[in-house]
Number of protein chains: 2
Amino acid sequence: MSIKKDLLAVGHTALDYIITVDEFPKANNSAPMKTMKNLNGGAAANVAMVGAKLGMKTGLLSAVGCEFINSHYHKDMEKLGIDTDAMIISEDENTSTAFVMTNNNQDQISYFYWGAAKEFHDGVVPRDKLKEFKVVHLATGDPHFNCKSGIVAKEEERLVSFDPGQDLGMYSPKKLKEVISNSNILFGNHHEIKRIQDSLGVDINDLMDLGPEIVIKTCGKEGSFIYSIDEGKIEIDSIYRPAVDPTGAGDSFRSGFLSQFINGASLEESAKFASSVSSFVVEKQGCQTNMPSYDEAYNRMIDFY
Amino acid sequence: MSIKKDLLAVGHTALDYIITVDEFPKANNSAPMKTMKNLNGGAAANVAMVGAKLGMKTGLLSAVGCEFINSHYHKDMEKLGIDTDAMIISEDENTSTAFVMTNNNQDQISYFYWGAAKEFHDGVVPRDKLKEFKVVHLATGDPHFNCKSGIVAKEEERLVSFDPGQDLGMYSPKKLKEVISNSNILFGNHHEIKRIQDSLGVDINDLMDLGPEIVIKTCGKEGSFIYSIDEGKIEIDSIYRPAVDPTGAGDSFRSGFLSQFINGASLEESAKFASSVSSFVVEKQGCQTNMPSYDEAYNRMIDFY
């Protein structure tokens, strides 16, 4: 049986409120917001959205509140043909939400709401849905659910990619090792890969011995490093663009990389394409505001490299 | 021509985020939200929703963002049959939003976003829509637009009620006097009525000479006072209920009062019914969470008085 769809992203769908104020209010005071933007976010949703925009058939497995259904965000997903059939819907809690307030000094305060994501914990991994996809990408989300999803995906011989991102602190070393052992590709920025190595007490080669054939370390404008059992270490320059907002760069890189890799591109080709994709995303505020089409990303890639 | 509908509320529709945290984050830190509730709010919307629940045919004239259309809030309005045809839709800004954060010490911080409400300023008053309603209620909103709406409603010989509420500081004395002169009923809590008198340098009788035949001063659990040219001063006890959240009590009182008054009830009967309506609303968190039906409000009223 041929596998019909490309990438299922597992993890957070979130709403991001990006707010500016003159100054933060003290206790028992209020502040007018100068600007408020309500942006689509959440690492798994970013990966699914960018991937769909690039032409992949993507799906999304997140835990969201019932207010999400038929929301504008949901409709944005439907417009790109994202399969959201397996979403976990919470009756009681709203979709994960972040408020990020910035004052005139460029200081930031943020508030995070886990909300519906708590439904992940006892969620059942939808094996039949996972089987529809070539890659299962485990993004920031619930460590326990990600772990279970990795096990099922590996049992079903799907390509498993894992990006614990800022959630690293939520994984015990044991849980982290377990998810990594079920992964084919491990993504992280340079801080995160170092933290994983420290946590498990391993070097890059030991890390690959645990499971993943490929470890990809992204270093922002310094480019990216790919470590693989077959090809050793490969270094790829980034396509530098003045970053208006770096949020979502990593997620879009992962999606860009996987979109090429599953279609037979080399590690180097996949990473160059990925760098091009993320160079678009950082040009505008928000993770899903400036997603390139395949042609846009391809053309910038061949212009640069 | 008979007038087919009852009450058009003019002013804010807003989204209220009610949040609890252990403590407020300092600059460049973040805090997890313990709870986050997304509640329907905005004074004009509260009046229209409570009125519709009580059986009135209500309409709403607010300036909202395009994300409002077909949102859950919009659907809640449609379920109650509220006429939202005349809503002003902003292409650029989101619907007015408030974040209210409370920490473990019960200190509060709030952030307010005016957003789409700025579209009121240059908005055209929809005369034909106003003519469909017996009462035009001017709630918190844009002073200039409220003033224009009052003029049109008076020209069309509609009953005009006015509740500047917490927006009082946005009215110049001249503007305040102009709106009041076009109003038949002026609502305010005891602080607000005093502030209006101070601002205009008038006593209650002078205030009525400016325009309104009826001035209604609500004093929370102390009850309410009605001043009218025909009947002098009437005092009504409140129906006391332990208040979980007093927000929205005033709006629901206004809606309850008008629902009876336009159908021929006396001032006293209307205020007793209004007190019953607001006694329901304060029992649950949020302005529209515990709106009574007509029968519920009526039964509690006759039990109490």
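The values are calculated or read from the model by the stated rules, or taken from the named source; none is laboratory data. Source: prediction; values computed, not measured. Cβ sites come from the backbone with ideal geometry, for glycine too, and all protein chains shown count toward neighbours.
Test B:SER2 against the criterion of being within 14 Å of chain A (Cβ to nearest Cβ) and at pLDDT below 95, and give yes or no.
The answer is no for B:SER2.
Go through the stretch B:34-59 and give me each residue that's in contact (Cβ under 8 Å) with a residue 60 or more places away in the chain and within 14 Å of chain A (Cβ to nearest Cβ).
The answer is B:LYS37, B:LEU39, B:ASN40.
Filter the stretch A:68-78 for residues that are loosely packed, with under 15 Cβ neighbours inside 10 Å and assigned to a loop (DSSP other than H, G, I, E, B); which is nearest to the other protein chains (Cβ to nearest Cβ)?
A:ASN70
Looking at the stretch A:35-67, which of its residues are surrounded by fewer than 22 Cβ atoms within 10 Å (Cβ to Cβ) and in a helix (DSSP H, G or I)?
A:CYS66, A:GLU67, listed by residue number.
Within the stretch B:136-148, identify whether any single residue is within 30 Å of A:PRO25 (Cα to Cα), aromatic (Phe, Trp, Tyr), out of contact with any strand residue (DSSP E or B) (no Cβ under 6 Å at 6 or more places or on another chain) and assigned to a helix (DSSP H, G or I), and answer yes or no.
Among the residues of the stretch B:136-148, at least one is within 30 Å of A:PRO25 (Cα to Cα), aromatic (Phe, Trp, Tyr), out of contact with any strand residue (DSSP E or B) (no Cβ under 6 Å at 6 or more places or on another chain) and assigned to a helix (DSSP H, G or I), which makes the answer yes.
Taking into account only those residues within the stretch B:84-106 that are part of a strand (DSSP E or B) and within 18 Å of B:ASP142 (Cβ to Cβ), which is farthest from the other protein chains (Cβ to nearest Cβ)?
Per the criteria, the residue is B:ILE88.
Working only within the stretch B:1-34, note down all residues that are surrounded by 24 or more Cβ atoms within 10 Å (Cβ to Cβ) and part of a loop (DSSP other than H, G, I, E, B).
Once the filter is applied, which keeps residues that are surrounded by 24 or more Cβ atoms within 10 Å (Cβ to Cβ) and part of a loop (DSSP other than H, G, I, E, B), the stretch B:1-34 yields B:GLY11, B:HIS12, B:THR13.
State which residue is modelled with the lowest pLDDT when the search covers only the stretch A:17-33 and only residues that are more than 10 Å from chain B (Cβ to nearest Cβ) and under 15 Å from B:ALA98 (Cα atoms).
Residue satisfying both the conditions and the ranking: A:ILE18.
Considering only residues of the stretch B:227-255 that are touching a Gly at 6+ places or on another chain (Cβ under 9 Å) and in a strand (DSSP E or B), which is nearest to B:LYS174 (Cα to Cα)?
B:GLU235
Tell me the residue from B:GLY81, B:GLY123 that is crowded, with 16+ Cβ neighbours inside 10 Å, touching a strand residue (DSSP E or B) at 6+ places or on another chain (Cβ under 9 Å), in a loop (DSSP other than H, G, I, E, B) and away from chain A (no Cβ under 14 Å), please.
Unique residue meeting the criteria: B:GLY123.
With the requirement that a residue be part of a helix (DSSP H, G or I), of a type in the set (A, V, I, L, M) and free of Cβ contacts under 8 Å to residues at least 40 places away in the same chain, what does the stretch A:256-305 give you? Working first, answer last.
At the first step, the residues of the stretch A:256-305 found to be part of a helix (DSSP H, G or I) are A:256-261, A:267-281, A:294-304.
Those still in the list that are of a type in the set (A, V, I, L, M) too: A:258, A:267, A:271, A:274, A:277, A:281, A:297, A:301-302.
Across the stretch A:256-305, the qualifying residue is only A:ILE302.
When you look at A:GLY115, is it more than 11 Å from chain B (Cβ to nearest Cβ) and at positive phi, yes or no?
no
Please determine whether any residue of the stretch A:216-238 is more than 17 Å from the chain's Cα centre (by Cα) and closer than 30 Å to A:HIS72 by Cα.
No, that holds for no residue.
Whether any residue in the stretch A:62-72 is out of contact with any Cys (no Cβ under 7 Å at 6 or more places or on another chain), of a type in the set (Asp, Glu) and at pLDDT 95 or above is what I want to check.
Scanning the stretch A:62-72 turns up no residue that is out of contact with any Cys (no Cβ under 7 Å at 6 or more places or on another chain), of a type in the set (Asp, Glu) and at pLDDT 95 or above.
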